[in-house]
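Engineer: Let me give you the structure first, and then I'll get to my questions.
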Amino acid sequence: MTKFEPHGDFSIRCGAGIMHMRVAGATNIEQIDQIGAEVDRFLDGNGERLCGILVELGDHAIMTNDATARCNELIIGHMERGLCAAAFVVHSTEFREFIIEQIRKFYDSVGLRWERFDDAADARRWLEEQIADI
């Protein structure tokens with residue numbers, strides 16, 4: 001498989017059992033690998049405690065097919081290491097329903113609790129409740 005430069009922008013902040021990720025742009029598999037490595041570092045430091053992820057999706061936050069497949073693999077592995085819930089804020093108006101449908105299909109299929117919010121503060125509160133309830 002040909003290796004490409006990572007496409008898309010992302011940032012991750014971690015603390016108190018929650019990873020807060022911001023993603024924008026079309027994301028390829030190389031970018032997913034970089035994101036996965038950041039999440040792995042967080043999980044390494046989190047021990048076996050439960051945690052959640054808050055993902056804010058910005059403009060053009062779509063993934064290539066191979067990136068979607070890799071993301072699915074990584075998330076299943078992260079669930080085995082303590083990821084118990086995911087909250088999404090979809091800021092993008094372009095492809096909004098398509099993005100939400102992709103999220104729904106995947107997270108429902110793997111059995112990870114997830115919810116969509118209009119506001120990151122509401123999403124964080126929900127994640128804190130999910131972590132505390134398990």
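Engineer: Within segment 30-39, can you find the residues that are closer than 21 Å to His60 by Cβ and within 14 Å of the chain's Cα centre (by Cα)?
Structural biologist: Answer for segment 30-39, where residues must be closer than 21 Å to His60 by Cβ and within 14 Å of the chain's Cα centre (by Cα): Gln31, Ile32, Asp33, Gln34, Ile35, Gly36, Glu38.
Engineer: Going by the structure shown, is Phe4 open to solvent by 60 Å² or more (accessible area, probe 1.4 Å) and of a type in the set (Phe, Trp, Tyr)? Break it down into steps so the answer makes sense when it comes.
Structural biologist: Values: open to solvent by 60 Å² or more (accessible area, probe 1.4 Å): yes; of a type in the set (Phe, Trp, Tyr): yes.
Judged against the criteria, Phe4 is a match.
Engineer: Something else about it: Going by the structure shown, is Gly15 at pLDDT below 90, over 12 Å from the mean Cα position of the chain (by Cα) and open to solvent by less than 50 Å² (accessible area, probe 1.4 Å)? Can you show your working first?
Structural biologist: Values: at pLDDT below 90: yes; over 12 Å from the mean Cα position of the chain (by Cα): yes; open to solvent by less than 50 Å² (accessible area, probe 1.4 Å): yes.
Considered against the rule, which asks whether it is at pLDDT below 90, over 12 Å from the mean Cα position of the chain (by Cα) and open to solvent by less than 50 Å² (accessible area, probe 1.4 Å), Gly15 comes out as yes.
Engineer: Pull out all pairs, ordered by first then second residue, where Cβ-Cβ is under 8 Å, the residues are six or more apart or on different chains, the first lies in segment 1-29 and is farther than 15 Å from Leu57 by Cα, and the second is small (Gly, Ala, Ser) and in a strand (DSSP E or B).
Structural biologist: Note: pairs meeting the criteria are Gly17/Gly52; Ile18/Gly52.
Engineer: Collect the residues in segment 44-74 that are farther than 20 Å from Ala123 by Cα and among the hydrophobic types (A, V, I, L, M, F, W, C), keeping them in residue-number order. Before you say what the answer is, go through the steps one by one.
Structural biologist: Going through segment 44-74, the residues farther than 20 Å from Ala123 by Cα turn out to be 44-48, 60, 62-74.
Across segment 44-74, the qualifying residues are Ile62, Met63, Ala67, Ala69, Cys71, Leu74.
Engineer: Another question, then. At least 1 residues that are hydroxyl-bearing (Ser, Thr, Tyr), under 19 Å from His7 (Cα atoms) and open to solvent by less than 60 Å² (accessible area, probe 1.4 Å) in each: list the helices (runs of 4 or more DSSP H) lying fully within segment 32-134 that qualify. Lay out the reasoning, then the answer.
Structural biologist: Working: elements: 65-80, 96-110, 120-133.
Counting at least 1 such residues, we get 65-80.
Engineer: Moving on. Quick one: what pairs do we get from segment 49-76, first residue farther than 21 Å from Asp118 by Cα and modelled with pLDDT of 90 or more, second outside any helix (DSSP H, G or I) and open to solvent by 20 Å² or more (accessible area, probe 1.4 Å), C-beta under 6 Å, 6+ apart or different chains?
Structural biologist: Leu50/Ile134
The values are calculated or read from the model by the stated rules, or taken from the named source; none is laboratory data. Because the structure is predicted, anything quoted here is derived from the model rather than measured. As a convention, Cβ positions derive from the backbone with ideal geometry for all residues, glycine included, and neighbour counts pool all protein chains shown. Each accessible area value is taken on the protein alone, full model and side chains, heavy atoms only, with ligands, DNA and RNA left out. Shrake-Rupley method; radii C 1.70, N 1.55, O 1.52, S 1.80 Å.
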